[in-house]
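Bear in mind these aren't lab numbers, they're just calculated from the coordinates by the rules spelled out. What you see is a predicted model, and the numbers here were worked out from it, not measured in a lab. Note that we place each Cβ from the backbone using ideal geometry, even for glycine, and neighbour counts take in every protein chain shown.
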Amino acid sequence: MIRTSQSQRFFRLALFSALFSLLLVMLSSWGRVSEAGLGCPDWPGCYGKLFAPQTARDLNEARSFFPRQAPEEEKMLKETLHRYFSGALGLLIIRLVWLGWKLKKHVRRQQVLIPGLVFVLVFAQVVLGIVTVKLQHKPLITMLHLSAGMTTLALLWWIVLREQRFWRPVSAALPATLRRLRPRALFGLLLVIVQYALGGWLSANYAAMACPDFPTCQGSYWPAMDFMNGFVLWRDIGVDYEGVLLNLDAATGVHMVHRLFSVATLLYVGWLALHTIRLGARDNLCRYGLLVLVLLLAEMTLGIITVLMHLPVVVVVAHSALAAVLMLGLITLNHAVRPRP
Ligand code: HEM
């Protein structure tokens, strides 16, 4: 009985941590789009304070410590909020690992490996966060940070899926069908991960406004593009972190790759979702296909609105959050068709 309640607590904590991690993805996106990533030029404090400087005296002190970067209240607030939320997620994960170890004594199949991995990842993210601040937001470091956040969310969701008892597994009545679906679902997940990373690269390089129109870009279906320059992984950032990062052709290349790859993602993942729905007529796979299809169409629509409305913060953050949820949808599908022990 005690064990059951502890298992339930483990499940609830994993679910809460996954939702919290999604919130953090949104906060990061909000910070990136409002260029608040370097709202605080130091770490762990913000202009030497535990929380963003508020009073006129603190702000004057901050100016004298960092004469090259004037403190901006809104950016400082966003950055410190992000830091405190990351710290809270770290504490949640520590508790999850501890609960898992405690349960392992009684439940042989209790998960401890993946929670342990998440623990390592979260602390790797702290280090990456510090490096990001020290290296003035190099796009590659920002990307690594984004990827680590995405992996943390994905692993937490995997823990939730393995613990949950609400969504019954698909019946094993169609083993051959499921066997064929497995590599296809995995490929769909990989495509979404690559598309997510391309979106992150576009955002980290501030290349969104290179194509302010849709479906054309700068009035053309094939504008001048410099892919080689757009995908240099280690480059210097402008004089300050808001400086121009890429020339127009390179930024256009980065933007167009994200758009073109989204077409490939739409075609393949759309087909996968419809295929799963068709198979689901004979099994309870249907809902997974439907979930992926709805998320995919909503994500594409938000991407297009982002461009047409010239990057309103709310839409960009929603686009980022939905990209994460789409990834979770594909993980859910992969979980449903995986081989059962
Ligand atoms: C499956 C489809 C798609 C996925 C998974 C996806 C994913 C992403 C992700 C993760 C970001 C980074 C957001 C951030 O840093 O917070 C992003 C940025 C962006 N995406 Fe997409 N995207 C998709 C389709 C599209 C489409 C169809 C368009 C437009 C035609 C588009 C336009 C943009 C733009 C303009 C940004 C940059 C936002 C900014 O930096 O302010 N996306 N995308």
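Numbers at a glance
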| item | result |
| --- | --- |
| Sites residue 43 and residue 85, calculated FRET efficiency, Cβ-Cβ separation with R0 22 Å, nearest 0.05 | 0.90 |
| Helical contribution to [θ] at 222 nm, DSSP H n ≥ 4, -39,500 (n - 2.57), averaged over the chain, rounded to 500 | -24000 deg cm²/dmol |
| Helical segments meeting 30 Å axial Cα length and Kyte-Doolittle 0.5 threshold in the chain (DSSP H) | 2-33, 113-134, 139-163, 175-204, 248-280, 286-308, 313-336 |
| Label-point separation, residue 74 to residue 61 (7 Å along Cα→Cβ), nm | 2.6 |
| For the chain, alpha-carbon Rg over 2.2 N^0.38 Å | 1.09 |
